[in-house]
1. Sort A:Asp153, B:Asp179, B:Asp156 by Cβ crowding within 10 Å, fewest neighbours at the top.
2. Once you order the gyration tensor axes a ≥ b ≥ c over the Cα atoms, which shape class does the protein assembly as shown get: rounded for a/c under 1.5, otherwise prolate or oblate by comparing a/b with b/c?
3. Could you put B:His273, B:His33, B:His106, B:His136 in order, starting from the residue whose Cβ has the fewest other Cβ atoms within 10 Å?
4. Using helices alone, what [θ] at 222 nm do you get for chain A, with -39,500 (n - 2.57) per DSSP H run of 4 or more residues, divided over all residues and rounded to the nearest 500?
5. May I ask you to evaluate 6.51 cos²θ - 1.76 cosθ + 1.60, the Karplus curve with θ = phi - 60°, for each residue of segment B:217-234 and list the ³J(HN,Hα) values in order in whole Hz, giving x for glycine and proline?
6. Going by how many other beta carbons lie within 10 Å of each one, how would you line up B:Arg54, B:Arg137, fewest first?
7. Starting from segment B:161-252, pick out the trypsin sites (Lys or Arg not before Pro) whose DSSP state is loop and whose Cβ has at most 14 other Cβ atoms within 10 Å.
8. Amide H neighbours of B:Val121 under 5 Å, at least 5 residues apart or on other chains, H built in the peptide plane: list them.
Amino acid sequence: MNRQRLGLWWFIGTLVIALLLMLVPLPDVLAPFKPYWPALVLLYWSLESGDRVTLGLAFSMGLAADLLDGVLLGEQALRLTALVFIALRFRSRLRFFPMWQQTLAVLALLFNDRILLTIVRVFAGDALPPASWWISPFVGAALWPFVFLLLDDLRMRLRLQ
Amino acid sequence: MGQESSPLFAGSTGTLRLIGYLALAMVLMVLDHRNGWMWRIRYNAAVAVEPLYRLAGLPVEGMRTLSVAFADRQRLTDQNQRLREDLLLANAKLNRMAAVAQQNEHLKQLLDTQRSLELNVQLARVIGVDLGAYRHRLLLNVGARDGVKPGQPVIDARGVMGQVIQALPTTSVVMLITDPNNALPVTIERTGLRTIAYGSRDGDRLLLPTIPMAADVREGDRLLTSGLGGRFPPGFPVGEIARVTPAATGMFLEAQATPSADISRSEDVLLLHDQAEPTGPPEPASPMGPPDTLAPDGAGTPAKEPR
């Protein structure tokens with residue numbers, strides 16, 4: 001029982017840390033390389049414990065991220081819901097992919113997410129972003145194996161579900 | 001996890017729920033975009049949000065503290081020396097200006113204008129938080145409880161940085177002048193030409209897309225706020241023209257300018273408290289000459305619309 005509760009706290013903790021990482025700025029030069037942390041952590045959890053991650057959770061996490069970002073309420077909610085939906089749909093396949101295939105799949109998901117974001121921003125009346133806009137999904141995909149292994153390893157060590 | 005008939009789509013999520021959530025998100029976005037009531041929600045959610053901002057700002061704060069703690073004595077002494085020289089120089093300039101300022105004040109009194117050279121400012125610190133990629137925003141550590149109101153200009157030692165767009169209870173969000181959604185009425189110091197500077201999409205420049213073809217604009221010209229629009233007081237440095245090219249339409253000259261404020265590196269900024277009084281184009285001069293009543297019948301009206 002206690003272990004289960006600890007598992008739940010660990011789950012919530014990683015999500016909150018992902019939101020915080022989203023807020024922590026990088027130096028100017030590195031700013032375009034910043035990965036979309038909430039997406040990576042949500043992807044990990046939707047692959048590893050698919051019953052915890054639902055569309056509602058993704059939606060509310062997106063809303064929280066929107067409140068923190070303070071730009072357009074619903075933007076990240078839309079993106080994260082779409083992302084988690086695709087991940088959950090193909091969960092059983094993605095889980096048993098070898099790591100490099102999984103990484104490619106994550107790249108595709110993150111890229112799709114960027115496209116969605118671009119569409120939303122253009123509709124909201126913003127100018128088209130510069131080329132460095134498209135770097136972030138690649139960085140996210142490159143980090144994916146490490147995020148996955150780190151979170152998995154920590155989970156194993158803490159013997160959590 | 002329920003096994004569905006199609007082996008490809010074995011999952012536990014319904015498309016219907018996806019559509020529901022996506023529709024909800026879109027409704028939220030449209031409502032928010034139209035009414036902009038987000039700030040009300042944010043203001044109420046600020047109780048939860050602001051501690052997170054402070055927490056996320058800690059790494060940057062830590063880096064600043066570390067850079068001071070580990071800076072060697074020599075560098076700090078040098079910096080101190082340089083600051084003292086700067087202060088000396090600034091004070092000397094100020095003293096020389098004092099007489100001119102007083103004269104100016106006197107002349108203005110004669111002219112019966114209210115605008116004064118005094119500044120009513122508030123010091124604020126930048127919280128190092130990333131508010132989204134390519135969003136040219138800053139977070140300051142003062143908010144509505146400190147008397148900050150949306151629309152207040154923000155400057156640093158070198159020039160205009162932006163304006164407050166959102167005041168939360170103890171923090172506030174600043175839109176930088178380099179934001180593509182920002183437009184700032186400026187005047188070119190050398191010629192007095194008035195135009196508008198927009199933010200650019202790659203973020204560290206200003207664009208002046210509507211300069212008349214015949215205008216005299218050169219590289220190195222300094223831009224000042226013109227005070228039109230009433231939001232920024234006139235006379236603050238904005239930037240320096242870096243490049244002038246004919247616009248793609250061929251109807252205007254297009255200039256790029258580099259902002260003079262240290263947009264990405266400022267830690268301490270100043271909030272201007274006196275909102276500039278709204279100034280528009282000057283009142284049309286009252287016509288000189290004998291009053292209309294003396295004019296012969298029919299001669300008074302056509303003069304108003306020359307064709």
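1. A:Asp153, B:Asp156, B:Asp179
2. Prolate.
3. Starting with the residue having the fewest Cβ neighbours, the order is B:His106, B:His273, B:His33, B:His136.
4. -24500 deg cm²/dmol, from helical runs alone.
5. 10, 10, 4, x, 5, 8, 9, 10, 5, 9, x, 5, x, x, 8, 9, x, x
6. Ordered by Cβ neighbours within 10 Å, fewest first: B:Arg54, B:Arg137.
7. B:Arg190, B:Arg218
8. Amide H neighbours of B:Val121: B:His273.
Read the figures in this text as sums done on the coordinates, not as results from a lab. Everything numeric in this text was worked out from a predicted model, so none of it was measured. Don't worry about glycine lacking a Cβ; one is built from the backbone with ideal geometry, like all the others, and counts go over all protein chains shown.
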